[in-house]
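Report on the following structure.
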Amino acid sequence: MEAKNCQGCGAPLENERCDFCGRNHGSNEQVQGGSNSNRPSSGKIVETVVVPNQGNVAGSRPKNKVAALLLCFFLGWMGAHKFYEGKVGMGIVYLFTFGLFGFGFFIDFFILLFKPNPYYV
């Protein structure tokens, strides 16, 4: 007996329906929906996988590293880079303390320097 493999995913078939991807190989049944459909036309099950440690947390938006560095370098004592990141509270603290007495925005500059571009806040 010759072993069959699924045409969609290549997994070994034991039945008419693939246990791995769910594709039906036994009948002439076709998947409904054309190219405008949200389902793939091959009948494969599509999953969205969230990869941990990427820094992209739900609700966060990407920030441009170069813009943040320039804001920190020229207007860091006013907390402009904190306002850019959406951290309004820290921006106000930086504004009234002149960038945490000059040390805060200096440290933030080097932290921003080693972040990936884009980074997520």
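The values are calculated or read from the model by the stated rules, or taken from the named source; none is laboratory data. As the structure is a prediction and not an experimental result, all values here were calculated from the model. Positions of Cβ are backbone-derived with ideal geometry, glycine not excepted, and every protein chain shown enters the neighbour counts.
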* Out of all the residues in the stretch 25-32, is one or more outside the structural domain of L113 (by TED's automatic domain parsing), at pLDDT 60 or above and touching a Cys at 6+ places or on another chain (Cβ under 8 Å)? -> yes
* **Scan of the stretch 76-108 for residues that are of a type outside the set (V, I, T) and surrounded by fewer than 17 Cβ atoms within 10 Å (Cβ to Cβ), ordered by number** => G86, K87, G89, L95, F96, F98, F101, G102, F103, F106
* To do: Would you check if G76 is modelled with pLDDT under 95 and either assigned by TED's automatic domain parsing to the domain that holds G10 or in a loop (DSSP other than H, G, I, E, B) (or both)?
  => no
